[in-house]
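There's a structure below that I have some questions on.
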Amino acid sequence: MEPMQSQMSQNELSQILNKCSQFKPRDFKNNKNIEYLHYLEEILEHFYDTKRPVYCSLELLKNIITNILLYINQDGLWTGKKKDHSINIATIACRFISYICELDVESARNLKSQIQIILQWLQDDQHYLLKKFSTSTNQNLSSDRFSLIIKFYQSVYDAFEHYYLICSNRTEFVHELLSKQSKLTKKVTSYLVFSRRIDSSNLNCTNVLEFTVELFEYLLNIEYKTNNINHLLNRLIIFFSTNFSSSPFSDYLIRTNFYKLLLTSISHSSLYTQFVINETAQSQTDSTDSLFIYSHMLNIISEFVLNPNLSKIIIQDLCDHSFIDTMKMLIKELIDCGTTTPLLFCVQCLSNILSTTEASIIVEYFIRSELLTLLTNYLMNLIEKSTLGNGKMIIKYLHVDVIRSILSIMYNISTLDDNYRVHFNVDIISQLFKYLVKCDYGQLRIISCLLFSNIATQKQLENESELLSQYIIEQLLVFIRNASKNDDHHLYDHTISLLSLVQCLKKICVYDIIKLKIEELRGIELLFKIIRVNDVHHSTDNVHYIQEELEIILECIWFLAFNDKCATKIYSNDIYFSSLVQIAELNPNEHIVSKARGTLWQLTQTLEFNEQKQPLAKQKKIIQPSQHIMISYNHDTKDVCMKICNQLRKNGYTVWIDTENMHGSTLECMALAIEQAFVILLCITEKYKQSPNCQCEAEYAYRLKKPFVPILMQKKYKPDGWLGILVGTRLYIDFNKNDFQTNYEKLLNEIEAVTR
């Protein structure tokens, strides 16, 4: 037969497939039919080049695949005389499997037995290659046979990926990967020397996954990689990534410390950086294999990090490997090159790391490296370039994912500790917020709202009053309403939770301007609607999560109760008030009960105070003499407060602190403690301001005109909101400066001064 033209007609394609489907297994050995195998390769190239299907019976293709596999089983893939020929037609069979998977899902699902045979080929490839591969490394890598084998492995893992994505039972497929028994051959040899430092007699891969890890490590350690090697590495890393969602698969990789291999490779980032520069300069594309190898490694590391049983160990290893410094260098080079896809993998990996409960271990490294500043400036430049003169944003698809990941990084840092807020450029964040709350992407709008509300000061919130009404509160309430309607209380594929949304609302509820906007936009009605649903209807599966939501929502309402207009609306609505009473009396969670009772108490206090009526508690002050010093604090400063308490007692003072003197009703104890105190120590932090319970104590003391001493417990913290108004221009004792004893002596002098 004459060689076929580059553009084959459908008739020619069908003739060749019909002829090859009639071959028996032994016909694939016949040299007369070799040219037909070349035509099969041309058909595959035709499909992958034109992306046009071959119109023929899929049974013909399946017959060809089956007969090829039967021939190889008879002759042996690794032990037959015509090894190169067997490997070549095995590659054709694997590529046809991938083709069928793309063409017809139902037909591809019937290829289970063929896939099992290919899995067994890899199980049989456990030992070292022929001795002729043990000479020079360069000869090995440049040999035709080595290239043939690399292409074979590419086709195998490509077939695995395609089949895994369409198979009806993925768990069964993964179990096949982990199967330890080989059923095909008794005596086998391998075509690849995996590790030159390990003696061949000691290497015994027990399953396909272990073999794949060895193959990956071997290829990764090759110093000068050809395009084919890079392509295979990329296929292998995608194979790991695709199957990682399966517990048996990921558990195996976790047990074997596979992530350490990835960390070691990524730490040699100069190689990756050079790939970025070279490939971007040559092709101006993100699709090259050399770029994706390391990018996909980052993706798998981020998957490892999300494993709750492993996150602490891995994050500690990340610190040991100078991972953040490496990431900063990579991200800087990627930004300079304008290469988006690997940058996306980098920021997604960082976002996952900082979303874990162990993120505090690495965030200090993150801040010290000034990576936060680099990402903030990049984000601002990207958004400014994407914004038209009329404020309309046009963002590329990949850039949306990059922006979302960077915003998530910043938001996660802002939630870890209030002290990290000083590392944000609040002016830039404010500008970002103004751009993003107007964009068409809901997820970017809500994350920017969450971020801005976490780090904004009262001054900024007041300056942005128009935006508050139109964007922050309005958007926040819309997203809270939407999340509460979903069964899982989440938005955007489980990425934004109702809990995080109401926590955001609670943070800004401390400001009066926000309280008024919430009332104006019917936010009180929404919060009580969620309370009634959550308190009555919930499954036992997520009861803890719902109770946590309920607790935060009650704290929001408690803050609203400090405002006259909001308090009047809540108190005068029978449904709202009865809901609070019902929770206070019937809810089994003591934390939730205390929040409900605190809200009820504050409602009466606010209304009585604003009607200029003397609170009942104030009348008790006449008959109950002052006795002690009261310490008002948030539990994040408990250790220092207890130290102050013990020192005061040594100096002969009677001290009231809630860790020891709480008996009966919490609110009654608190009120009585304030009434009987001759001075109150306010141990102020950002979290103190964000606690409705602390606000209750401080404002009640203020209304009773009790002397108080403000003590600053958080570095560089400047009180604002209700706390800023209450403290006013008073000098406070900063316990973050000097030593404890020096600060304590200042405190004693101040106590004497305010009580004279």
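Is it the case that Arg421 is closer than 26 Å to Thr356 by Cα, in contact (Cβ under 8 Å) with a residue 40 or more places away in the chain and either open to solvent by 20 Å² or more (accessible area, probe 1.4 Å) or under 21 Å from the mean Cα position of the chain (by Cα) (or both)? First the steps, then the outcome.
Values: closer than 26 Å to Thr356 by Cα: yes; in contact (Cβ under 8 Å) with a residue 40 or more places away in the chain: yes; either open to solvent by 20 Å² or more (accessible area, probe 1.4 Å) or under 21 Å from the mean Cα position of the chain (by Cα) (or both): yes.
So Arg421 passes the test.
Filter segment 327-386 for residues that are in a loop (DSSP other than H, G, I, E, B) and either open to solvent by less than 10 Å² (accessible area, probe 1.4 Å) or of a type in the set (Gly, Ala, Ser) (or both) and give the result.
Narrowing segment 327-386 to residues in a loop (DSSP other than H, G, I, E, B): 338-339, 355-359, 369-370, 386.
Selection gives Gly338, Thr339, Ser355, Ala359, Ser369, Ser386.
Taking the stated definitions as given, is Val363 modelled with pLDDT under 90 and within 22 Å of Thr264 (Cα to Cα)?
Values: modelled with pLDDT under 90: yes; within 22 Å of Thr264 (Cα to Cα): yes.
Spelling it out, Val363 is indeed modelled with pLDDT under 90 and within 22 Å of Thr264 (Cα to Cα).
Looking only at segment 556-586, filter to residues that are β-branched (Val, Ile, Thr) and open to solvent by 60 Å² or more (accessible area, probe 1.4 Å); which one of those is farthest from Leu498 (Cα to Cα)?
Looking only at segment 556-586, we keep the residues that are β-branched (Val, Ile, Thr), and these are 557, 568, 570, 575, 581, 583.
With open to solvent by 60 Å² or more (accessible area, probe 1.4 Å) added as a condition, the list becomes 568, 575.
Numbers: Thr568: 27, Ile575: 23 Å.
By that ranking, first place goes to Thr568.
Where in segment 492-536 are there helices (runs of 4 or more DSSP H), lying wholly inside it, with at least 1 residues that are touching a helix residue (DSSP H, G or I) at 6+ places or on another chain (Cβ under 6 Å), under 18 Å from Ser453 (Cβ atoms) and open to solvent by 30 Å² or more (accessible area, probe 1.4 Å)? If you could, list the steps in order and put the result at the bottom.
On the way: elements: 498-508, 512-520, 523-536.
The helices (runs of 4 or more DSSP H) meeting that bar are 498-508, 512-520.
For Leu119, work out the one condition from (1) open to solvent by less than 10 Å² (accessible area, probe 1.4 Å); (2) at pLDDT 85 or above; (3) of a type outside the set (Lys, Arg) it doesn't fulfil.
With respect to (1) open to solvent by less than 10 Å² (accessible area, probe 1.4 Å); (2) at pLDDT 85 or above; (3) of a type outside the set (Lys, Arg), Leu119 is out only on (2).
Hey, another quick one. Do any residues in segment 572-594 that are more than 14 Å from Ile524 (Cβ to Cβ) have Cβ atoms under 6 Å from those of residues that are open to solvent by 90 Å² or more (accessible area, probe 1.4 Å), where the two are at least six apart or on different chains, and which pairs are they?
Note: pairs meeting the criteria are Ala584/Arg597.
Can you report the number of residues in segment 387-403 which are buried (at least 16 other Cβ atoms within 10 Å of the Cβ) and under 20 Å from the mean Cα position of the chain (by Cα)?
Residues meeting the conditions: 5.
What pairs come out if I take residues in segment 709-732 that are over 22 Å from Ser453 (Cβ atoms) and pair them with residues that are modelled with pLDDT under 85 and in a loop (DSSP other than H, G, I, E, B) whose C-beta lies under 6 Å away, six or more apart or interchain?
Cβ pairs passing all conditions: Pro710/Arg730.
When you check Tyr48 against the structure, is it in a helix (DSSP H, G or I), modelled with pLDDT of 75 or more, at negative phi and aromatic (Phe, Trp, Tyr), yes or no?
Working: in a helix (DSSP H, G or I): yes; modelled with pLDDT of 75 or more: no; at negative phi: yes; aromatic (Phe, Trp, Tyr): yes.
No, not satisfied.
The values are calculated or read from the model by the stated rules, or taken from the named source; none is laboratory data. From a predicted model like this one, the values you see are computed outputs, not experimental measurements. Neighbour counts are summed over all protein chains in view; Cβ atoms, including those assigned to glycine, are modelled from backbone coordinates with ideal geometry. Quick note on the areas: whole protein, heavy atoms, side chains included, nothing else; ligands and nucleic acids left out. Shrake-Rupley method; radii C 1.70, N 1.55, O 1.52, S 1.80 Å.
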